[in-house]
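Below is one structure, written out as C-alpha cells; the observations come after it.
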Amino acid sequence: MSTNSFFGWNLLYNSVTQDIKSNQDVLICLAHYVLISNGFECIGIGDSKNMDGNEPKSEALPAGWVDHQLRYVYQGRLYLLQGTSLDDGIMINLIRVDERTTSMIQLNSRTVLRRTGSIDDMIPNNKEVVKQIKEQLIDKVIISSKSKDSGSQTAPQEAQRTGSATRFIDPPEPARSLPGNLGLGPGRFGGGLGSDDLDPLAGIGGPRFGPGGSFNPIGPLGGGGGMLFQPPGRFDQPRGGGGVPHGSIPPGARFDPFRPPDVDGLPPRRRPRPDNDEMPPPGFDDMYM
C-alpha cells in the first residue's frame, strides 16, 4: 500500500501527534485507521458494554485514547478495542459485546522506525501490518458473527419446512444373547433351566411351551423339568410322615425340601449326638460323674 492509498491518514495522525509517546501509540493509531476504513465508527473511550444509540460517532480519535480502550459501532453492534502494552510490542483485542466474540493480534513495536514523517517512513512494511490487522483483528470477529447470524436464521427455516422440532432418538441397544449351551444340554437358557417357571401350564398336563418358546401340544403328566428343586411327580408325592400328609402338595407344584430326603421309610434311629448349636447337659464330658 503506497502513501497515496492511505487517504486521510495524515489528517488523522497530525491531529494526535502531541499525544504520541511510544511506538505502541503509533500502532493503536494505525489500528484505529484500519477500523475506520472498514466501516467502524468510534463512539468514545472506555470499556462500557452499554449503548443507548445516541452516542456521537466520529472518525477521529477521542481525547484519552492513549489508554488504549476505545468503543466502536459497526452495523449497529458495539465493539470494544483494548490494547495491552508489552515489552516489545502491543496486543490488541477486538470484542463484539453482544456475542462476546473476540479477535486478537500482536504487533511488534520494532515495525515502527520513527514517529514522524510519512507512513512509509514510519512503518516501512505498512502493507503487511495493515493486512494483518484486517485479517486477524477485523475479519475474524466479523466473519464469526456472520456465521452465527446465518446459522440462527437457517434453523427456523429448517423447522418451518419440516413442521416439527428436531428430535434426537437414541439408537436401540443391540440384543444381548445368552450362551446357547452351558454344559447342561440344549436350550436357550442353558439346557432349559428355569424354563418351566415361565410356563403357567407346567406340570399339570396340556399344551406346553418348550425352550425358546416352541409350542408342544402334548405335555407330561407329572411335574415339569428344569426347576432348581424338581417337584415330585404324581406317584412321587410324600406319603405321610414327617409332617407332610399325603396329597398336601398339588401336582406339579414347586417343592422345596425342608428336611433331609433320606428319613422317609427308615426305621426309628437312636437319638444322635447333640449338634454344635445345642447345649450339652452338665458334666457331659466328665468321666468321673
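The values are calculated or read from the model by the stated rules, or taken from the named source; none is laboratory data. All values reported here derive from a predicted model rather than from experimental measurement. Note that we place each Cβ from the backbone using ideal geometry, even for glycine, and neighbour counts take in every protein chain shown. When the accessible area is computed, the model is the full protein with side chains, heavy atoms only, and any ligands, DNA or RNA have been set aside. Shrake-Rupley method; radii C 1.70, N 1.55, O 1.52, S 1.80 Å.
When peptides 74-80, 85-91 are ranked by their average number of other Cβ atoms within 10 Å per residue, the highest-first order is 74-80, 85-91.
Stretching ASP139 away from SER58 to a fully extended chain increases their span by 27.0 nm, per 0.36 nm per residue minus the current alpha-carbon distance. Sorting 111-123, 21-33, 49-61 by average packing, meaning the other beta carbons within 10 Å per residue, from highest down gives 21-33, 111-123, 49-61. Its convex hull of Cα atoms gives segment 100-139 a direction-averaged projected area, equal to a quarter of the hull surface, of 3.2 nm². Pairwise inverse Cα distances across segment 40-142, averaged and inverted, put the Kirkwood hydrodynamic radius at 14.7 Å. Please identify which residues in segment 18-33 have an amide N closer than 17 Å to a label point set 7 Å out from the Cα of SER109, following the Cα→Cβ vector. Once the point is set 7 Å along Cα→Cβ of SER109, 19-31 turn out to lie under 17 Å by backbone N, inside segment 18-33. Determine which residues of segment 108-133 fall in the zone a paramagnetic label at GLN75 would reach in this model, i.e. backbone nitrogen under 17 Å from the point 7 Å along Cα→Cβ. No residues fall inside that zone. Atom-type composition of the exposed protein surface of segment 1-108 places 46 percent of the accessible area on carbon and sulfur (1.4 angstrom probe).
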